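Please read the structure below before turning to the comments.
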Amino acid sequence: MKVLKNEPLDKHTSFRVGGPAKVYVVPEDEYELQKLIEFLHSEKLLYNIIGNGTNLLVSDEGVDSIVIEIGKALDGIEFVSGRGNAECADADGIYRIRALAGTSLGKTAQFAASHSLTGMEALRGIPGTVGGAVTMNAGAYGTEMCDVLESVEVITRDGKIKKLAAADLKLGYRYSIVPEEGYIVAAATFALKKGDKKAIEAEMADYQQRRKDKQPIEKFSAGSTFKRPEGHFAGKLIEDCGLRGFRHGGAQVSEKHCGFVINDGTARAADIFWLIGEIRKRVLMEQGVELTPEVKLWGNF
Ligand code: FAD
């Protein structure tokens, strides 16, 4: 399999910052991935999983652990209902599609739409992989992964493949037990209903337009920097502190949507990290609300 030394992680993250991974491995299929995990387990070597890197802030010094990419190399979608026939539902009227963890979530949602299957319209614009989205229980516009996810295949710490029901992952708001159990999501099965293709496509287009209008999707970022605090919106709290456009080095609170910290192209991870800390401090002091980063931090800060 592809093994790279000192691979710069800024190339692999949507924030476009981050130092190197000492070792960066790209397994080509599920079998290679499983064998790799068995080996790393037997050698007691630490590793981190990267999907599309759209929810990560990696430190400028990079990371010492091995980084395993579950991306384009582990890509594929198939029907598992109706004995694999796209036209046939299972006896319960449900259509089931299985996507490998490296498949883009958008592509999976589009695959569903192209077969007139409804349920994933609002997930179309989330720029991660299926594996990353399961791990984060990603969601948008009132739909979360847990609404359509039926089961997952995970690789356990010792390299065994296990099939779990979605409920076993205890999916909550941007939460799953995947990281704490040390699982690697290898594939996910979605349960969907037949709908009207034109209506599904129109709904998707509407969500895409809303993203374009409201979010700085053309800038380097990791999406919403903070989780939504109960009873509030992070962006509104930040705006009310007068922080719209506030910058540190090349990091800035987006002018378009204050819930996004963006990189203007010159930021270091340290700038972004400092800005996140300052926003948290000011929101706590001025609004009495504690913001928790949604973005995952890798390396030393
Ligand atoms: P990564 O960023 O690569 O990883 C995220 C975490 O998941 C890491 O801890 C990683 O170790 C782990 N992980 C990744 N793959 C696996 C796997 N196969 N097995 C085990 N662990 C794994 N998020 C939303 O929820 N809703 C939104 O509307 C949304 N909009 C966004 C808009 C923009 C412009 C951007 C840049 C980001 C947005 N995000 C949003 C954040 C991000 O896209 C999601 O969190 C996404 O699910 C992350 O997927 P990823 O493949 O990029 O994961």
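Which percent, to the nearest 5, of DSSP beta bridges fully inside the stretch 1-104 are antiparallel?
Details: 9 of 17 bridges.
Roughly 55 percent of the DSSP beta bridges within the stretch 1-104 come out antiparallel.
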GNM, the chain, Cα, under 10 Å: largest mean-square fluctuation among ARG83, ARG268, ARG211?
-> ARG83
For the stretch 242-286, accessible area per residue (1.4 Å probe, heavy atoms of protein chains only), Å² = 46
Got a sec? Charge dipole of the chain, +1 on Cβ for Lys and Arg, -1 for Asp and Glu; which of ILE126, ALA188, GLY82 is way out at the positive end?
-> ILE126
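Hey, which of these cross-link pairs are over 31 Å Cα-Cα: LYS5/LYS212; LYS44/LYS296; LYS72/LYS197; LYS198/LYS296; LYS44/LYS163?
Details: LYS5/LYS212 37 Å; LYS44/LYS296 23 Å; LYS72/LYS197 27 Å; LYS198/LYS296 37 Å; LYS44/LYS163 24 Å.
LYS5/LYS212; LYS198/LYS296, as the Cα separations exceed 31 Å there.
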Cα-derived Rg over Rh, computed across the stretch 127-240 with Rh taken as Kirkwood radius | 1.01
Percent carbon-and-sulfur accessible area, the stretch 37-169, ignoring ligands, DNA and RNA, probe 1.4 Å = 50
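With both bridge residues required to lie in the chain, what share of the DSSP beta bridges run antiparallel, to the nearest 5%? Walk me through the numbers before you get to the answer.
Numbers: 40 of 51 bridges.
Antiparallel: roughly 80 percent of the beta bridges in the chain.
Could you do me a favour and compute the accessible area per residue for the stretch 1-106, 1.4 Å probe, result in Å²? Walk me through the numbers on the way to the answer.
On the way: 5070 Å² over 106 residues.
Ligands and nucleic acids excluded, the result is 48 Å² per residue.
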What dipole magnitude, in Debye to the nearest 20, does the chain give about its Cα centre under +1 on Lys/Arg Cβ and -1 on Asp/Glu Cβ?
-> 380
Quick one: if you stick a label point 7 Å off each Cα along the C-beta vector at ASN300 and LYS44, how many nm between them?
-> 2.2
Using Cα pairs closer than 8 Å and at least 6 residues apart in sequence, work out the relative contact order for the stretch 76-150, in percent.
-> 24
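What's the carbon and sulfur percent of the stretch 234-301's accessible surface, probe 1.4 angstrom, rounded to a whole number?
Numbers: 1530 of 3250 Å².
On the stretch 234-301, the fraction of accessible area on carbon and sulfur atoms equals 47 percent.
The values are calculated or read from the model by the stated rules, or taken from the named source; none is laboratory data. Note that the structure is predicted; figures quoted are calculated from it, not measured. Backbone-built Cβ (ideal geometry, glycine too); neighbour counts: all protein chains shown. These area figures cover heavy atoms from the full protein model, side chains too; ligands, DNA and RNA do not enter into them. Shrake-Rupley method; radii C 1.70, N 1.55, O 1.52, S 1.80 Å.
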